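The structure appears right after this line, and notes come after that.
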Amino acid sequence: MRRLSLVHIETLCCIARVKTFTAAAERLHTTQSTVSARVREMEVSLGVKLFSRHGRTVELTALGREFVLRAQPLLLQLNGLADMLESGERAPVRVRIGGGPSTMSWLPDVLRQVMDAMPNLAYDLEIGTSAELVQSVESGRLDLGVLAASSLDVTKLDACSLGTEPMQWYVASDLDAAVAGAPPQDLIDRLAVLLMPRSSFYHLRGINALREHGIAPRRLNTCNNTAVMLSLVEGGNGIGLIPERLARASAQAGHIVRVLEQVKVQPIEYMIVRQRDDELPHLDLIIELAMQASRAVLDQMS
């Protein structure tokens, strides 16, 4: 039986992240046939099937997911150790990160977990729209962008999924008592609707969800900051479409309540993007840690 090497484990974890053998070969600077050969060697050595194919993409089997779950932390620690030894010192590593407004409901928790695992990391955080973040990463002004997946073209970048977050309609508790039992259109007629700006694709999702139920907002207000939107809703400024995690504490305290629960809005899928040829030390480690932490945080809401 051939023993597994770090190259095998690195290959498996890379395929699990990028979903295709071709993309993994590009990231690992090798050929697709080499990647395929490594997978075959692993499956023969372990005596189990690690991947199942779905068209052009591959998915880990249950045993493959368990293997990656156990192997990935070890690989990350070894990569971090190698980077530290190569640097010869423990000078802070500074990374320029961009985040979309809606990510602020959970990104602080993710950054804290990443920094707990990488005490030598420092970051510069910039908030912007998804379009602005994609442009900044493409130009090299930002190293990483954390944003909502949308119709934006990110084919020039490496993109990894960070999970999804539900969006819900909320209103101030005292307003809910005043309009209790009102049909959805009557509720919308009485209260303003508060959404992200028209340039945001969350805006379109909210409008489309209302239209699917035959609801037409009479008054439509916008705000480009979800935390401020929450404050506006708490202050009685209408019905707002808010990320569930951001609204949770206010809802638990009784300041706001859900409304229009029949008007379902598709959850937001988040992703982290970087330049494909970016060789910044620690960047792969940061992305792996961010993927693990974000999925753990977002899974708490599912």
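The values are calculated or read from the model by the stated rules, or taken from the named source; none is laboratory data. This structure is a prediction, so every number in the text was calculated from the model and none was measured. With ideal geometry, Cβ positions are generated from the backbone for all residues, glycine too; neighbour counts draw on all protein chains shown.
Some notes on this structure:
- Test: residue in region 277-297 that is crowded, with 20+ Cβ neighbours inside 10 Å, touching a Gly at 6+ places or on another chain (Cβ under 7 Å) and modelled with pLDDT of 90 or more: no
- All of Asp153, Asp158 fail the test of being under 23 Å from Met291 (Cα atoms), part of a strand (DSSP E or B) and charged (D, E, K, R), apart from Asp158.
- Test: residue in region 154-165 that is among the basic types (Lys, Arg), under 19 Å from the mean Cα position of the chain (by Cα) and either modelled with pLDDT of 85 or more or over 20 Å from Ala227 (Cα atoms) (or both): yes
- Region 84-116, residues that are buried (at least 17 other Cβ atoms within 10 Å of the Cβ), more than 15 Å from Ser294 (Cβ to Cβ) and at pLDDT below 85: Val93, Pro101
- Among the residues making up region 32-82, those that are within 13 Å of Ile15 (Cα to Cα) and polar (S, T, N, Q) are Gln32, Thr34, Ser36, Ser52, Thr57, Thr61, Gln72.
- Residues that are closer than 22 Å to Trp106 by Cβ and surrounded by fewer than 20 Cβ atoms within 10 Å (Cβ to Cβ) do occur in region 190-202, at least one of them.
- Index of the failed condition, Ala131 passing every other in (1) surrounded by fewer than 18 Cβ atoms within 10 Å (Cβ to Cβ); (2) in contact (Cβ under 8 Å) with a residue 12 or more places away in the chain; (3) within 18 Å of Asn237 (Cβ to Cβ): (3)
- Which numbered condition Arg274 misses (of (1) charged (D, E, K, R); (2) touching a Leu at 6+ places or on another chain (Cβ under 6 Å); (3) not assigned by TED's automatic domain parsing to the domain that holds Pro108): (3)
- In region 193-212 there is no residue matching the filter, namely being without any contact (Cβ under 8 Å) to a residue 12 or more places away in the chain and in contact with a helix residue (DSSP H, G or I) (Cβ under 9 Å, 6 or more places away or on another chain).
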